[in-house]
Amino acid sequence: MKIAMVGSGYVGLVSGACFADFGHDVVCIDKDQSKIDRLHEGVMPIYEPGLDALVQSNVAAGRLSFTTDLAEGIAGAQAIFIAVGTPSRRGDGHADLSFVHAVAREVGENLANDAVVVTKSTVPVGTGDEVERIIAETGCNHRVAVVSNPEFLREGAAIGDFKRPDRIVIGTDDEFGRDVMREVYRPLFLNESPILFVSRRSAELIKYAANAFLATKITFINEMADLCEKVGANVQDVSRGIGMDNRIGPKFLHAGPGYGGSCFPKDTLALLKTAEDYDSPVRIIEAVVKTNDSRKRAMGRKVIDALGGMEAARGKKVALLGLTFKPNTDDMRDSPAIAIAQALGDAGVKVAGYDPEGMTQAAPLMPDVQMCKSPYEAIDGADAIAIVTEWDAFRALDLERVKALANSPVMVDLRNIYKPDHMQAAGFIYVSVGRG
Ligand code: UDX
């Protein structure tokens, strides 16, 4: 089957490469000429483990190609995916659908055969109706079914998530749409991955509801962690104890500095806007958004407390280890490290930062942070070390070297990657999250 993927960003490129790997003939389309040029040269626009090799092998096999020309790219495609960005609109938090609408129009104007148009971008409920209306408005006289097929890929684990999904959600009431989507996902059908056929609006809402639920789970355990610190309990034991209940489940119960990334912050805000538009408030998500926002800066205060409070902290130096919002990505979007660095800077603390993959992205977002070439360069002369992202490289720090380089052996481990008794025995003043 020929598939066109409009938008070759994170979701489009990963999905396109995986569909090609299933054996489909895939064209990835993007307006950004330099991105397409680089892809032709085998240079990935994002860091994602395994993507490089997957793209190269499928290009070599002749199943994956790239173009800036939408009309050429969609010619003969039975499934046309829309995988363009839906950023938060400046000012009101609504998802900005201008890219989605523009693609719908261009597809309608250029379509030369019957096709299923699939929204993969995360879009608010009702966007499928709008895409359908826009395509009809162009006077397109081919048969078109508009289907919602949200993605649930995690950065850093996207290829595995795509090939071994917990479920595939397909939203359509149209028989043609269902048939084409069955063919698109045939290898996963054969693999017995659960496929859920629902209405288009339900599919659109499932994506937001899933992300909002996961964001709630994280925020819940983060607040439990704060409570653990006050009452002298251990949040990791609490997580384990509640997670063993099948109704709760063990995942997304790691306390930390608050969630960030390209999805949770944006999608929770967009869900709030939809709820407001339909006059059906989701107060629990309002609380999650506020609690998570204030948590990030609060983590800066936690580091300041470890330095001995506001007065003592002024003029001191902190090494921030891990700047991206999570490991195995170079993505800095809404990373807690940004708010933490700001809170430290506002308190007159000097910050040195290091990240295994995110330095280029981080530098312009954290102009006052001295960017270092290694964790040890950042730690040199530091009065405290704060681990903000749980990169594997930080699990294996040479603790003797760390102690020798640091001005003071204070470690604030915001991801609980070390054991408190081990760190104390190693001579550190060790602070972590929710282990009172
Ligand atoms: C998320 C969803 O998991 C994915 O299904 C969706 O398609 C996109 O959004 P992603 O943003 O890549 O994926 O990262 P994820 O691994 O879910 O982590 C999100 C944030 O939550 C990170 O900041 C992470 O550090 C934080 N987190 C996650 C926790 O603090 N604790 C946890 O237990 C899990």
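Read-outs throughout are calculated quantities, based only on the coordinates presented, and are distinct from any laboratory measurement. Since the model is a prediction, treat every value here as computed from it, not as a measurement. Cβ atoms come from the backbone with ideal geometry, glycine included; neighbour counts cover every protein chain shown.
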**Item:** Pairs from Lys2/Lys35; Lys217/Lys373; Lys273/Lys317; Lys35/Lys163 whose Cα-Cα separation, in the structure shown, is over 29 Å
**Value:** Lys217/Lys373; Lys273/Lys317
**Prompt:** Projected onto the charge dipole of the chain (+1 at Lys/Arg Cβ, -1 at Asp/Glu Cβ, origin at the Cα centre), which of Leu205, Leu321, Val55 gives the Cα projection farthest towards the positive end?
**Reply:** Leu321
**Prompt:** Want the number for Lys290 to Glu311: 0.36 nm per residue separation, take away the alpha-carbon distance, what's left?
**Reply:** 4.8 nm
**18 Å cut-off, amide nitrogen to a point 7 angstrom out along Lys373 Cα→Cβ, residues in the range 380-405** = 380-381
**Prompt:** Taking the Cα atoms only, what angle lies between the long axis of helix 51-60 and the longest principal axis of the chain, rounded to 10 degrees?
**Reply:** 30 degrees
**Message:** For a protection proxy built on the mean count of beta-carbon atoms within 10 angstrom, sort 302-314, 36-48, 248-260 highest first, please.
**Reply:** 248-260, 302-314, 36-48
**Asked** Using the beta-carbon distance between Asn113 and Arg186 and R0 = 30 Å, what value does 1/(1 + (r/R0)^6) give for FRET efficiency, to the nearest 0.05?
**Response** 0.90
**Prompt:** Sorted from largest down, what three extents in whole angstroms do the Cα atoms of the range 199-436 have along their principal axes?
**Reply:** 60, 40, 33
**Complete:** For the range 2-198, the dipole about the Cα centre with charges only on Cβ (Lys and Arg +1, Asp and Glu -1), to the nearest 20 debye, works out at 280 debye
**Prompt:** Using a Gaussian network for the chain with springs between C-alpha atoms less than 10 Å apart, which of these wobbles most: Ser202, Ser280, Ser374?
**Reply:** Ser280
**Message:** Applying a 10 Å radius around every beta-carbon, put 335-346, 110-121, 176-187, 10-21 in order of their mean neighbour count, most first.
**Reply:** 10-21, 335-346, 110-121, 176-187
**Rounded to 5, percent antiparallel among DSSP beta bridges of the chain** = 5 percent
**Request:** With a 10 Å radius around each residue's Cβ, average the other Cβ atoms per peptide and rank 315-323, 208-216, highest first.
**Result:** 315-323, 208-216
**Asked** Rg(Cα) of the range 1-130 divided by 2.2 N^0.38 Å?
**Response** 1.03
**Request:** Could you work out how far the C-alpha centroid of the range 144-215 sits from that of the range 52-112, in angstrom?
**Result:** 17 Å
**Asked** For the range 199-436, what's the relative contact order in percent, using C-alpha pairs closer than 8 Å and at least 6 residues apart?
**Response** 21 percent
**Fill in**
Residue span Gln33 to Ser199: 0.36 nm per residue of separation minus Cα-Cα distance leaves a gain in nm of 56.1 nm
**Message:** If you average 1/r across every pair of different Cα atoms in the chain and take the reciprocal, what Kirkwood value do you get, in Å?
**Reply:** 23.3 Å
**Request:** Would you please name the trypsin sites (Lys or Arg not before Pro) within the range 344-436 that are DSSP coil residues with at most 12 other C-beta atoms within 10 Å of their C-beta?
**Result:** Lys373
**Complete:** Of the listed pairs Lys296/Lys350; Lys266/Lys419; Lys230/Lys296; Lys31/Lys120, those with alpha carbons more than 26 Å apart are Lys266/Lys419
